[in-house]
Every structure is written in structure tokens, then in C-alpha cells.
Amino acid sequence: IGWLGTEAAAAILTLIFQLAFLASAFILTRRLVSPTLALLGLSVLIATPGFYGASRVFTCIETFVTPRMAAEALVLCGLAAALATRGWLALTLVALAMLVHPVMGAAGLAALACLNVAIPRPRLAAILSLVALIALVAIALALPLGPFSRFDADWLALVRLRSPNLFLANWTLDDWGRALVTLVTLTVGVATLPAGRARTLCQATLITGLGSLVLTLICCDLLQLVRFTQLQPWRWMWLATVAASLLLPAITLAGWQSGLPGRTTVLLVAAAWIFGADPLALDVALAAVVSVALTYRLPTNTVQLVFYGTCGVLVIAVTARLGWNSLFLDAFYYDP
């Protein structure tokens, strides 16, 4: 700031953090897929809005100086190291991310726990999660002071008025649509991608994203714990959003090559992404989940009909997106 001035320093730091984030995203994706798919995944990440959570407050790539992008870059590099079996380097990078921005770095910590415990030992992870949840509820109810203190009525009313997006009960269809499209994309990735690092990352980030929403529901909405509300676990969804964007081309290619049922599923996923935040994205994303579970069981003739219907849904999505974009341009950018 002393050398360049406030505005110039902020602009340069913003650019540096953006480039660091994009470079880290490419390094991670390159560990998982071919160079072409990695570049395509990076293009999706750049091209899509990248909003996560409620009210479109936060996005993965930001246009002003903030420590969030620096922490995101460290987390992505940490996951790349973890998938390359360089555990101490991964832990060091995620620890640095926690120092830069604890809320964003916590997503990396949760993902590392998934990679090292939940995925290789799912039964143990389920037991530990259940025990931790029961202990948390018991302590919160028995000791409502200290680190497990709860909001009083007046404080809670002020928080809900000032920051309603902290509680899942206040999320809109727009918010849930974006979250569901992300989680469904990762679910399809788990079902479609061959065994390997890419599918492992889908599993880890899917568990992290789902866990963040469950933790928010229990600790913030139901128990109304102050510390957990400050931690904002729902913001771990940034990692799931980035992973879904980066792996979308690889998931699409794997599904397309797997046969007609897989093509049906990935076309529904593509339509859900094109619908974006529209409530129709919810319906199409849920249809993709149903397609993963049921399409391969249908007779060939029926699958063909479903596939043709899915093509129709994709055409509707593209047409609607072109219309919405034209209206947006007409309202905000075209000269009257």
C-alpha cells in the first residue's frame, strides 16, 4: 500500500489471489484427468458464476481483495498433495489455509478427514460421526455456556434479521437449486467415473458438502450454537462447488461413453447446470439422481424414449437460458 497506494495494491493482490486460485485448481485437476479435460474443467470454473450458500453473497472467484481466495488456493494444493499420497505436505498446506481464513480452510480439513478416514473406513467414520453428534447435542443441552453457548432470544432475533443466510431455514429455492446441482453432479461423478483419484475427490467433496449442510442444520438451526454459527459450516460448500465445476467435463465424458443410460444422466446434469439458479434446476437435478438409480434397469426401447425426452429437456434449458440472457442484456446493458 505504501509503495503503490491503496487501490493499486488491492487490485494487484486481487489479481495475484485469482491467479493463485486458478493455478491451484488446474494443478488439482491435472492430478485427476488428462490435460484436455483439466483445461475444460478450468474453463467451466471460470465461465460459471460459482455462487455457493445463500443469497449469492459468496462466490469461488471474487473480484475484490479477500483472504478467501488465498485460503482456497492453499486447500486445493493441499488436496492435490493428499491425492498424490504426500500427507504431511497436504496437512501443512491446509493448516496454512486455516491460518489465512479458518472458515474456508475448515473445508480442506474436512476433506482430508474424508480422504483418510471416511472413504477407506466408512463404518468407523459413521460410528465416530454418530458418537460426536450425540455428544455435541448432550453437551449443548447440559452446558449452555462457554464454547457451547447458545443464542438468547434477543441476540438470535438480531442475527436472523441481519444475516438470515446463516440458517438453512431461510434458504430460498434459488439457494437450494444451486446447492443441489453441485451435490448431484458429484453424486453422478461417484456413480460414473472409473475407480481412481477423480472419483475419490468426488466422494470426499460430496461428503464434505453434505456434512456441512447437516452440521449447519443441527448446530445452527436446531441447537442455535453461537460458535458453530460463527464458523458457518455451510460455507464448506465452496469446495464442492469448485470440484463439481472442475470435474464436470470428465463426468460428462465418462457418462457419455458408458452407454445410453449414462448419456441420459449426463444430459440431465448438463440441463440442470444450464438452468442455473432457476427452480427448474431442482427438478432436473432430481431427475438426474433418479436416472442414475433406475435408467440402467429399464428395457432398451424405454431407455431410448427417456433419452429422447432428455434431449428435449436440454433444448428447453438452452432456449430458456438464451431468453433469460437476452432479457438481462436488454434490461442492463443495451442502449434504450
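The values are calculated or read from the model by the stated rules, or taken from the named source; none is laboratory data. These figures come from a predicted structure and were not determined experimentally. Here Cβ is always computed from backbone atoms with ideal geometry, including for glycine, and neighbour counts include all displayed protein chains. Only protein heavy atoms, including side chains, enter the accessible area calculation; ligands, DNA and RNA are left aside. Shrake-Rupley method; radii C 1.70, N 1.55, O 1.52, S 1.80 Å.
Residue by residue through region 251-265, which ³J(HN,Hα) values in whole Hz follow from phi under the Karplus form 6.51 cos²θ - 1.76 cosθ + 1.60 (θ = phi - 60°), with glycine and proline marked x?
Once θ is set to phi - 60°, the couplings for region 251-265 become 5, 4, 5, 4, x, 5, 7, 7, x, 4, x, x, 5, 4, 5 Hz.
Over the alpha-carbon set of region 86-142, work out the extent along each principal axis and list the three values in angstrom, largest first.
Computed over region 86-142, the largest-to-smallest principal extents equal 36, 27, 14 Å.
For region 21-136, what mean projected area does the convex hull of the alpha carbons give, in nm²?
8.7 nm²
Rounded if a/c is under 1.5, else prolate if a/b is larger than b/c, else oblate: which is region 137-230, with a ≥ b ≥ c the root eigenvalues of its Cα gyration tensor?
oblate
For region 150-164, just list the computed ³J(HN,Hα) in residue order, Karplus coefficients 6.51, -1.76 and 1.60, θ = phi - 60°, integers in Hz, with x standing in for Gly and Pro.
Values per residue, Gly and Pro as x: 10, 5, 7, 4, 5, 5, 4, 4, 5, 5, 4, 6, 7, 9, x Hz.
If I take R0 = 30 Å and measure r between the Cβ atoms of ILE27 and ARG56 in this structure, what FRET efficiency does the formula 1/(1 + (r/R0)^6) give, to the nearest 0.05?
For ILE27 and ARG56, the calculated efficiency is 0.60.
Quick one: order TYR333, TYR296 from most to least accessible surface, probe 1.4 Å.
In descending accessible area the options line up as TYR333, TYR296.
Could you order PHE64, PHE307 by accessible surface area, starting with the largest, using a probe radius of 1.4 Å?
The most accessible residue leads, giving PHE64, PHE307.
According to the square roots a ≥ b ≥ c of the eigenvalues of the Cα gyration tensor, what is the shape class of region 175-216, taking rounded for a/c under 1.5, prolate for a/b larger than b/c otherwise, and oblate for the remainder?
Because a/c hits 1.5 or more and a/b fails to exceed b/c, region 175-216 counts as oblate.
Using label points projected 7 Å from each Cα along Cα→Cβ, tell me how many nm separate LEU145 and ALA11, to one decimal.
For LEU145 paired with ALA11, the spin-label model returns 5.4 nm.
With θ set to phi - 60°, apply the Karplus curve 6.51 cos²θ - 1.76 cosθ + 1.60 along region 199-215 and write out the HN-Hα couplings as whole Hz, x wherever there is a Gly or Pro.
With coefficients 6.51, -1.76 and 1.60, one gets 5, 4, 5, 4, 4, 5, 6, 5, 5, 4, x, 4, x, 5, 6, 5, 5 Hz.
Determine the order of THR48, THR208, THR6 by accessible area, beginning with the largest, at a probe radius of 1.4 Å.
In descending accessible area the options line up as THR6, THR48, THR208.
Whole percent per 20 Å bin, from 0 to the bin with the longest distance: what is P(r) over all C-alpha pairs of the chain?
28, 57, 14, 0
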